[in-house]
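Inspection log for the structure reproduced underneath, given as structure tokens.
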Amino acid sequence: MKQTVRYLYIGHDPISVWFRYALILFDVTTIVFFVATAHVPHGPGLVLASQLIGFLILLDFSARLWISKDRWKLLRQIYTLADIVVIMSLVLDPFLTGNLAFLRILRALRLIHSYHLLRDLRRDSSFFRTHEDAVIAAINLMVFVFATSTAVLVFFIPEDAQTPYIDALYFTMATLTTTGFGDITLSTPWGKLFSVFIMVVGVALFVRLAQAIFMPQKVRHKCPSCGLYRHDPDAVHCKHCGGTLRIETGGAS
């Protein structure tokens, strides 16, 4: 059984690759569910759905922990800690208040930062190999926007608002881009501090995305001589040591 699980999670065959892509699809689906139900009163149906998703995430977490060579290292990673928080918030959903619903969005932290997913994408997608920095920067910014919008929705948007999530997303984007229209504001001290947090972190992520888009694109390929792992897509020799590179390419450039 353990060999089968390890084969699915870290194997190189097409079955293993498609299994990992299916896990990513599951993650995307759960994130959509978390966002859509963050401000919705949880009746028996939503509670049951939350507990079922929590059980499936627990199975995934247990499998990764079971086959890990260094379990303590895995438990110290931020994405693993986020999974633990999400599992607890989902399994204990009937006993939690709605103010903890935003914790579930932490599941998005491991959407793209999976070593095996990155490895699969580098092998299967020439677009990802060429634009890896821009794609990851865009995912990081998207996760931040959705997470902070959900927190604003749960903590600061009135329950009687006509379009609560749109208002939260609108405030987050206006604050992140330092536009500051002022039609939606957080007047409490905690709201003001949270606005400062959005400005500082959001602007940094936005600048990182702009750099990844407009700077010359690089691909990841470790030089066998010096270890430099960022090169031009059509590089033949390493710019650091001059060693010969054998970067996989489709010949488009």
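The values are calculated or read from the model by the stated rules, or taken from the named source; none is laboratory data. This is a predicted model, so every value here is computed, not measured. Because the Cβ atoms are built from the backbone with ideal geometry, glycine has one as well, and the counts that use them run over all protein chains shown. Quick note on the areas: whole protein, heavy atoms, side chains included, nothing else; ligands and nucleic acids left out. Shrake-Rupley method; radii C 1.70, N 1.55, O 1.52, S 1.80 Å.
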Do we have residue 79 as part of a helix (DSSP H, G or I), under 23 Å from residue 139 (Cα atoms), open to solvent by 60 Å² or more (accessible area, probe 1.4 Å) and in contact with a helix residue (DSSP H, G or I) (Cβ under 9 Å, 6 or more places away or on another chain) here?
yes
Suppose we filter 200, 143 for residues that are modelled with pLDDT under 85 and β-branched (Val, Ile, Thr); which single one remains?
143
Output the residue which, of all residues in the stretch 217-250 that are among the acidic types (Asp, Glu) and open to solvent by 60 Å² or more (accessible area, probe 1.4 Å), is farthest from the chain's Cα centre (by Cα).
234
In the stretch 202-216, is there at least one residue being open to solvent by less than 50 Å² (accessible area, probe 1.4 Å) and over 24 Å from the mean Cα position of the chain (by Cα)?
no
If a residue must be under 24 Å from residue 162 (Cβ atoms) and open to solvent by less than 30 Å² (accessible area, probe 1.4 Å), how many such residues does the stretch 44-69 contain?
0
Which one is farthest from residue 118 (Cα to Cα), of the residues in the stretch 32-43 that are part of a helix (DSSP H, G or I) and either open to solvent by 20 Å² or more (accessible area, probe 1.4 Å) or at pLDDT 85 or above (or both)?
36
Scan the stretch 3-18 residue by residue and report those that are open to solvent by less than 60 Å² (accessible area, probe 1.4 Å) and part of a helix (DSSP H, G or I).
5, 8, 9, 16, 17
Is there any pair linking a residue in the stretch 10-32 that is over 22 Å from residue 148 (Cα atoms) to one that is part of a helix (DSSP H, G or I) and not hydroxyl-bearing (Ser, Thr, Tyr), with Cβ under 7 Å and at least six apart or on different chains, and which?
10/116; 16/8; 17/120; 19/8; 20/116; 20/117; 20/120; 23/60
Using beta carbons and a limit of 6 Å, which pairs, at least six apart or on different chains, have the first residue in the stretch 231-248 and within 19 Å of residue 133 (Cβ to Cβ) and the second one surrounded by 11 or more Cβ atoms within 10 Å (Cβ to Cβ) and among the small types (Gly, Ala, Ser)?
245/235
What is the number of the single condition among (1) open to solvent by 30 Å² or more (accessible area, probe 1.4 Å); (2) in a helix (DSSP H, G or I) that residue 143 does not meet?
(1)
Taking the stretch 115-128 as the search range and keeping residues that are surrounded by 18 or more Cβ atoms within 10 Å (Cβ to Cβ) and within 16 Å of the chain's Cα centre (by Cα), which one is modelled with the highest pLDDT?
121
